[in-house]
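**Student:** Shown below is the structure under consideration.
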Amino acid sequence: MRELVELLCFYKDIGVEYMQPVKFTSKEEIFEELKEEALRCKKCELHKTRTNVVFGEGDINADLMFVGEAPGRDEDLQGRPFVGRAGRLLRDLLKDVGIDAKSVYIANCLKCRPPNNRDPLPEELIACFGYLKRQIELIQPKVIATLGRYSTYELTNQKGALGTLRGKVFQYKNIKVVPLYHPAYLLRNPKAIEIFIEDLKKVKSLMMQ
Ligand code: URA
Ligand code: SF4
């Protein structure tokens, strides 16, 4: 205590009347800065053809995060993830199992749309991974559900068929990762919807543990 008083007297003697409060940057501000960086990003060729960057949306304090592949046409036009036909199916199925889409965070591996919805290229996935990595580090969800093979590979390193990986529990850092079928696959194979619902229920119970 005496040292502190002496230090404060010393500051006063040299003309420092008060000390600036330390400014802490909030998680919201850091997340916003990351988003703004992505909105300006030109790290891969996709910046040339995008309409909007689709950074992601939802609760940045969510316990559950969904990671898809890349924006499609509707997402590119609106700047929001999973708002096209596959997205509507995903949101309906979330509702069916009692998951509020606003209480989760939804993102993609790529933040910009590949032309004509072609598959992501390895160099695009590498260029964009930093954003997803930071999103996960900041959100710190308990569980990540990967939708389709690209996000599954990025976060689990598993290259097998989704038919064998789905519903299993992997780990990314300290976070549980459960691969799920991609909702676009469900549109083509409605029989898989039942399996998807089972997997969603598993994800929900892991999240509540
Ligand atoms: N498919 C995806 O993988 N992500 C979207 O945002 C929309 C469709
Ligand atoms: Fe940048 Fe990712 Fe968009 Fe490529 S896809 S320009 S890396 S934000």
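The values are calculated or read from the model by the stated rules, or taken from the named source; none is laboratory data. Everything quoted here is computed from the prediction, not taken from an experiment. We place every Cβ from the backbone using ideal geometry, glycine too, and count neighbours over all the protein chains shown. With ligands, DNA and RNA removed, areas are computed over all heavy atoms of the protein, side chains included. Shrake-Rupley method; radii C 1.70, N 1.55, O 1.52, S 1.80 Å.
**Student:** If the chain between Lys27 and Ile126 were fully stretched, how many nm would it gain, using 0.36 nm times the residue separation less the Cα-Cα distance?
**Tutor:** 33.2 nm
**Student:** Further question on the same structure: Could you point to the residue in Phe66, Leu46, Val169 farthest towards the positive end of the stretch 28-207's charge dipole, with +1 and -1 charges on the Cβ of Lys/Arg and Asp/Glu respectively?
**Tutor:** The residue sitting farthest along the positive end of the dipole is Val169.
**Student:** OK, next. Take Glu57, Glu3, Glu36 and sort them by solvent-accessible surface of the protein heavy atoms, 1.4 Å probe, largest at the top.
**Tutor:** Glu3, Glu36, Glu57
**Student:** Under unit Cβ charges (Lys, Arg +1; Asp, Glu -1), what dipole magnitude, rounded to 20 debye, does the chain have relative to its Cα centre?
**Tutor:** 920 debye
**Student:** With a ≥ b ≥ c the root eigenvalues of the C-alpha gyration tensor of the chain, is it rounded (a/c under 1.5), prolate (a/b larger than b/c) or oblate?
**Tutor:** Prolate, because a/c is 1.5 or more and a/b exceeds b/c.
**Student:** In the stretch 117-170, what percent of the accessible surface is made up of carbon and sulfur (1.4 Å probe, ligands and nucleic acids excluded)?
**Tutor:** After summing per-atom areas, the C and S share lands at 54 percent.
**Student:** Go through Tyr131, Pro115, Gly98 and say which Cα lies farthest out towards the positive end of the charge dipole of the stretch 51-138; charges sit on Cβ, +1 for Lys and Arg, -1 for Asp and Glu.
**Tutor:** Working it through, the farthest residue towards the positive pole turns out to be Pro115.
**Student:** Order the peptides 138-147, 180-189, 37-46 from the highest to the lowest mean number of other Cβ atoms within 10 Å of their residues.
**Tutor:** By packing density, highest mean first, the sequence is 138-147, 180-189, 37-46.
**Student:** How much accessible area per residue does the stretch 28-207 have, counting only protein heavy atoms and a probe of 1.4 Å, in square angstrom?
**Tutor:** 49 Å²
**Student:** How big is the antiparallel share of DSSP beta bridges in the chain, given as a percent to the nearest 5?
**Tutor:** Counting only bridges with both partners in the chain, antiparallel ones make up about 30 percent.
**Student:** Kindly write out, for the stretch 165-182 in residue order, the coupling ³J(HN,Hα) from the Karplus curve 6.51 cos²θ - 1.76 cosθ + 1.60 (θ = phi - 60°), rounded to whole Hz, with x marking Gly and Pro.
**Tutor:** Karplus-based 3J(HN,Hα) across the stretch 165-182 equals 7, 4, x, 7, 10, 10, 9, 10, 6, 9, 10, 6, 10, 10, x, 10, 4, 6 Hz.
**Student:** Run the numbers on the stretch 34-80 and let me know its relative contact order in percent, using alpha-carbon pairs under 8 Å that are six or more apart.
**Tutor:** Averaging sequence separation for qualifying contacts and normalising by length gives 46 percent for the stretch 34-80.
**Student:** Cβ under 11 Å from Leu162's Cβ, Leu162 left aside: what net charge do those residues give with Lys, Arg +1 and Asp, Glu -1?
**Tutor:** Taking every other residue near Leu162 into account, the sum is +3.
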